[in-house]
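All remarks here apply to the structure that follows.
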Amino acid sequence: MSRQVLLSVAVTVGAPVVLLSWLWLVERLLRPLSYRGRRRARPWLWLAPPLAVVGLYLVWPLLSTIWTSFQVRGGQHGLDNYRYLVHSGEVHDALVNNGLWLVGLTAGSLVAGTAVAVLAHLVRWETAAKAVVVMPAAISTVAAAVIWRFMFDYRPPGVAQTGTLNAIVTAAGAEPVAWLVDERTNNAALIGVGIWMSVGLVTVVMSASIKAIPAELIDAGRVDGAGPFRLFRYVVLPQLLPTIVVVSTLLAITALKAFDVVYVMTNGNYDTNVLANLMYRELFLNADYGRSAALAVLLVILVLPVVAVNLRFFRKGRA
Amino acid sequence: MLRPTKRPVTERRTVRPTGRTARSLAFVHAPLVLLCLLWLTPTAAVFVSSFRTAADSFATGWWEGVRPPLRFTEQNYVEVLSHGGLGRAFMNSLLVTLPSVSVTVSIGTVAGFALARMRFRGSGVTLAVLLGLTVVPLQVILVPLLRIYNDLAVTGTRPGLWLVHAGVGIPFVTYLLHNFFRELPRELFEAAEIDGADHLRSFVHVALPTAAPAVASAVIFQFLWVWNDLLLALIFVGGNRETAPLTVMVSGLVNNITGQGWHLLTAAAFVSIVCPLAVFFALQRYFVKGLLAGSVK
């Protein structure tokens with residue numbers, strides 16, 4: 001144990017030192033070269049460590065996964081893994097659930113986050129209000145899952161309900177709901193947890209965007225006789241639109257990659273599976289590398305158009 | 001486009017309502033209070049519950065716990081930390097997180113500087129590729145890495161996981177620091193060059209000292225990301241109780257829990273969020289900066 005601790009401390013302290021030594025060595029090696037030679041070689045030598053790590057841990061695995069996705073057990077090439085994607089009912093169900101996540105998480109977080117940002121902007125306790133909604137963005141999904149399983153806790157009718165939501169439901173005179181098991185509520189419950197965690201990001205970004213709206217614009221709207229709601233609809237909202245698009249793309253990517261919440265809260269049971277969880281199961285439990293690689297490739301393909309939109313708007317916003 | 005303006009704060013008064021009218025109470029304060037309560041209650045519930053006895057947690061809801069007479073106990077924490085193995089898991093989380101953060105942020109800072117301050121062919125493409133890699137679903141790198149880790153027998157070891165986190169984190173940190181270094185005025189570096197400083201010296205003596213806030217953002221972001229990560233930990237060290245971090249241990253507890261374990265599970269959850277919460281409340285400003293930077297990638 002203590003050797004492990006020592007190693008961790010050594011790496012933590014040593015990483016910057018080693019890196020600076022590398023740069024020092026690079027500058028020494030460059031000295032004999034001509035000015036032009038130095039200018040050409042220097043950037044790549046400085047970038048050698050990051051490019052090596054990224055190449056080894058991101059680029060190569062990415063390409064390798066695409067290659068693996070075309071291999072079936074037994075080593076022959078084939079499209080069997082993709083046939084599985086097209087024909088398997090569980091993949092279809094997972095796709096539908098990912099679709100629910102995409103719409104629910106994006107819309108829910110956007111509306112709630114914008115609401116908090118706009119309302120908080122109008123009150124004196126803005127900082128406190130924002131801290132409350134941003135806090136869940138700092139904790140792990142695992143902890144959030146525990147927190148919400150406690151909220152969703154279910155006990156059979158007749159027994160005292162200790163879960164907050166069912167206590168409210170039964171106090172109102174209705175039967176308790178098994179939120180995470182009942183297929184009418186469970187996907188919404190999981191997505192709700194996702195929203196609870198993502199709203200902080202939306203609030204922070206929208207809030208910055210609201211503060212960037214020129215005050216003269218608001219004043220002009222006021223002078224023209226617009227009330228608070230029309231002011232929001234016709235003056236504030238159009239100014240926020242580019243930000244809304246960028247934030248939506250980030251939320252959409254989060255929704256497509258959803259894994260932790262589902263893994264911890266239902267483990268994909270009761271028809272709550274999403275693609276990332278299927279992929280984990282094929283990789284870890286079934287050790288079917290081809291299938292899990294194909295599922296990963298499918299995830300990338302789904303994310304790509306969203307990224308394209310993001311980059312387009314990002315470029316526009318900067319120009 | 002998302003950058004906050006540098007206009008003086010006083011201008012905001014034009015937008016804030018001046019008085020506490022009935023309308024502002026109904027349409028602004030009330031909904032905001034409601035939203036805040038909705039966001040706060042779940043965490044508060046777990047916090048209260050983690051200090052209640054097993055019998056109390058089983059018999060009544062957490063809201064009864066805040067009704068006098070109060071009888072809180074720290075027994076749940078004692079139990080999860082000693083018998084539950086969470087003490088070790090907490091240590092494991094630290095031992096996974098600190099080296100990962102150090103390696104990732106060091107390398108990313110150098111890369112960000114090189115891409116922002118050196119002119120060379122291919123810098124634009126390199127930056128674009130790194131930017132693209134920040135959104136690649138992590139799932140896509142798991143299969144080959146796990147296979148090669150199994151072949152080399154490094155699955156289950158911490159250094160293996162440090163490097164995976166470095167690979168995943170470097171593109172974002174590079175991008176964050178690149179944006180910062182790019183904004184520094186050229187005169188700053190020209191003055192150093194006239195004094196005879198080479199690139200290394202201007203990096204260490206000119207760029208780094210000014211970059212402290214940006215580096216802090218990167219450190220906090222990376223710290224929270226690694227500390228909170230479940231997927232990579234599950235795959236690369238999850239099978240080993242000796243090295244499993246908090247997220248893996250707590251998610252294991254969740255799956256084993258029966259109706260009677262809430263007093264322990266709530267305490268375990270709180271142990272796992274103590275560090276992130278402390279970081280968040282102490283360094284909120286930098287965390288928010290990181291969030292903002294991440295959203296414009």
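Residue-by-condition table, conditions (1) over 30 Å from A:THR141 (Cα atoms); (2) facing chain B (nearest Cβ under 9 Å); (3) aromatic (Phe, Trp, Tyr):
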residue	(1), (2), (3)
A:TRP196	no, yes, yes
A:ILE210	no, yes, no
A:GLY225	yes, no, no
A:VAL236	yes, no, no
A:LEU240	no, no, no
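So for the stretch B:102-110 (the condition being surrounded by fewer than 18 Cβ atoms within 10 Å (Cβ to Cβ) and either modelled with pLDDT of 80 or more or not in a helix (DSSP H, G or I) (or both)), does at least one residue qualify? Within the stretch B:102-110 (the criterion being surrounded by fewer than 18 Cβ atoms within 10 Å (Cβ to Cβ) and either modelled with pLDDT of 80 or more or not in a helix (DSSP H, G or I) (or both)), the answer is no, since none of the residues qualifies. Do we have B:VAL140 as closer than 30 Å to A:LEU295 by Cα and modelled with pLDDT under 90 here? For B:VAL140, the condition - closer than 30 Å to A:LEU295 by Cα and modelled with pLDDT under 90 - is met.
Taking the conditions (1) out of contact with any Leu (no Cβ under 7 Å at 6 or more places or on another chain); (2) surrounded by fewer than 21 Cβ atoms within 10 Å (Cβ to Cβ) in turn, A:VAL235 satisfies each one other than (1).
Within the stretch B:53-64, the set of residues being part of a helix (DSSP H, G or I) and either aromatic (Phe, Trp, Tyr) or within 14 Å of A:GLN161 (Cα to Cα) (or both) comprises B:ASP56, B:SER57, B:PHE58, B:ALA59, B:TRP62, B:TRP63, B:GLU64. Filtering the stretch A:291-301 to residues that are among the hydroxyl-bearing types (Ser, Thr, Tyr) and either more than 10 Å from chain B (Cβ to nearest Cβ) or surrounded by fewer than 22 Cβ atoms within 10 Å (Cβ to Cβ) (or both) leaves nothing.
When restricted to residues that are under 14 Å from B:THR53 (Cα atoms), modelled with pLDDT of 85 or more and polar (S, T, N, Q), the stretch B:259-273 contains 1. When A:LEU19, A:LEU62 are screened for being out of contact with any Pro (no Cβ under 7 Å at 6 or more places or on another chain) and of a type in the set (A, V, I, L, M, F, W, C), only A:LEU62 passes. For the structure I just gave you, tell me whether B:LEU81 is more than 8 Å from chain A (Cβ to nearest Cβ), in contact (Cβ under 8 Å) with a residue 40 or more places away in the chain, surrounded by fewer than 19 Cβ atoms within 10 Å (Cβ to Cβ) and among the aliphatic types (A, V, I, L, M). Spelling it out, B:LEU81 is indeed more than 8 Å from chain A (Cβ to nearest Cβ), in contact (Cβ under 8 Å) with a residue 40 or more places away in the chain, surrounded by fewer than 19 Cβ atoms within 10 Å (Cβ to Cβ) and among the aliphatic types (A, V, I, L, M).
Scoring B:LEU98 on the criteria (1) at pLDDT below 90; (2) in a helix (DSSP H, G or I) leaves a single failure, condition (1).
Aromatic (Phe, Trp, Tyr) and either modelled with pLDDT under 90 or touching a strand residue (DSSP E or B) at 6+ places or on another chain (Cβ under 8 Å) (or both): does that describe B:PHE90? No, not satisfied.
Reported count of residues in the stretch A:253-290, each being more than 15 Å from the chain's Cα centre (by Cα), more than 20 Å from B:GLY238 (Cβ to Cβ) and facing another protein chain (nearest Cβ under 10 Å), is 1. Within the stretch B:179-201, the set of residues being within 16 Å of A:LEU47 (Cα to Cα) and away from chain A (no Cβ under 11 Å) comprises B:PHE181 only. Does A:GLY221 satisfy the criteria of being out of contact with any Pro (no Cβ under 7 Å at 6 or more places or on another chain) and under 30 Å from A:TYR84 (Cα atoms)? Spelling it out, it is not the case that A:GLY221 is out of contact with any Pro (no Cβ under 7 Å at 6 or more places or on another chain) and under 30 Å from A:TYR84 (Cα atoms).
Number of residues in the stretch B:62-78 that are more than 8 Å from chain A (Cβ to nearest Cβ) and either in contact (Cβ under 8 Å) with a residue 40 or more places away in the chain or in contact with a helix residue (DSSP H, G or I) (Cβ under 8 Å, 6 or more places away or on another chain) (or both): the value is 7. Applying the criterion of being outside any helix (DSSP H, G or I) and within 7 Å of chain B (Cβ to nearest Cβ) to the residues of the stretch A:126-154, the residue that is surrounded by the most Cβ atoms within 10 Å (Cβ to Cβ) is A:SER140. Within the stretch B:243-257, the set of residues being more than 19 Å from B:LEU95 (Cα to Cα) and touching a Lys or Arg at 6+ places or on another chain (Cβ under 8 Å) comprises B:VAL254 only. Screening A:GLU126 with (1) within 28 Å of the chain's Cα centre (by Cα); (2) outside the structural domain of A:ILE253 (by TED's automatic domain parsing) gives one miss only, at (2).
Right, A:VAL123: surrounded by fewer than 20 Cβ atoms within 10 Å (Cβ to Cβ), among the β-branched types (Val, Ile, Thr), free of Cβ contacts under 8 Å to residues at least 24 places away in the same chain and part of a helix (DSSP H, G or I) or not? Against the criterion (surrounded by fewer than 20 Cβ atoms within 10 Å (Cβ to Cβ), among the β-branched types (Val, Ile, Thr), free of Cβ contacts under 8 Å to residues at least 24 places away in the same chain and part of a helix (DSSP H, G or I)), A:VAL123 does not qualify.
Would a scan of the stretch B:67-88 turn up a residue that is within 19 Å of the chain's Cα centre (by Cα) and not in a loop (DSSP other than H, G, I, E, B)? No, because not a single residue in the stretch B:67-88 is within 19 Å of the chain's Cα centre (by Cα) and not in a loop (DSSP other than H, G, I, E, B). When every residue of the stretch B:215-230 is checked against the conditions, none turns out to be among the small types (Gly, Ala, Ser) and in a loop (DSSP other than H, G, I, E, B).
Being modelled with pLDDT under 90, surrounded by 15 or more Cβ atoms within 10 Å (Cβ to Cβ) and among the polar types (S, T, N, Q) holds for only one residue in A:ASN277, A:ASN310, and it is A:ASN310. Do we have A:GLY14 as surrounded by 13 or more Cβ atoms within 10 Å (Cβ to Cβ) and not β-branched (Val, Ile, Thr) here? When the stated conditions are applied, A:GLY14 passes them. Taking the stretch A:179-237 as the region of interest, the helices (runs of 4 or more DSSP H) fully inside it that hold 2 or more residues being in the same structural domain as A:VAL118 (by TED's automatic domain parsing) and at pLDDT 90 or above are A:186-211. State which residue is farthest from A:ILE147 (Cα to Cα) when the search covers only the stretch B:230-245 and only residues that are under 15 Å from the mean Cα position of the chain (by Cα) and facing chain A (nearest Cβ under 8 Å). For the stretch B:230-245, the residue satisfying everything is B:LEU231.
Looking at the structure I just gave you, is A:ALA255 in contact (Cβ under 8 Å) with a residue 40 or more places away in the chain and either more than 17 Å from A:LEU105 (Cβ to Cβ) or hydroxyl-bearing (Ser, Thr, Tyr) (or both)? No.
The values are calculated or read from the model by the stated rules, or taken from the named source; none is laboratory data. Keep in mind that this is a model prediction, so the values were computed, not measured. Counting neighbours? That spans all protein chains shown, and the Cβs are built from the backbone with ideal geometry, glycine included.
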